[in-house]
1. Which loop-located chymotrypsin sites (Phe, Trp or Tyr not before Pro) does segment 1-85 contain, where loop means any DSSP state but H, G, I, E or B and the Cβ has at most 13 other Cβ atoms within 10 Å?
2. Using 18 Å as the cut-off for backbone N distance, which residues of segment 50-71 belong to the label zone defined by a point 7 Å from the Cα of Ala24 along Cα→Cβ?
3. What percent do you get for the relative contact order of segment 2-101 when only Cα pairs under 8 Å and 6+ apart count?
4. List residues of segment 1-39, by number, whose backbone nitrogen lies under 12 Å from a label position 7 Å along Cα→C-beta of Val61.
Amino acid sequence: MASLLLVGSAVAFVVFGLVRQDWANLRFPAILGVLGLLAGVSAYVGKYAGAVLAVVVLAAVAHTAIALSLDLVWVRVGSGVLAAAHVYAGVLVLTRPARVFMGKVSGDES
């Protein structure tokens, strides 16, 4: 679930950049989109939880800053939703089933 949120948020952010047709400022959505895709793949494979959390925090802060800016309303609302999706993905990565999947804790404790 966390990997789907990260990949979906990355693709949505790049699509936001393309829809705005602001070609000069498309570099940041593209870079954050690639980092989001890599974090999603990493969460799916079950490796590098720290890197996934770093991308989640970076993306959530960036989307929150965009949501609080003086931009178009649909961009602000969309960025707020993407910030919430990144925070939720971070919570999912920190849950016990995800930590067992990533090998951070053993799953035999009942």
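1. none
2. 70-71
3. About 32 percent, as a whole number.
4. Those under the cut-off are none; the list is empty.
Taken together, the values in this text are just the output of simple stated rules run on the coordinates, not laboratory data. Since we're looking at a predicted model, the values are computed, not measured. No Cβ is skipped: glycine too gets one built from the backbone with ideal geometry, and neighbour counts run over all protein chains shown.
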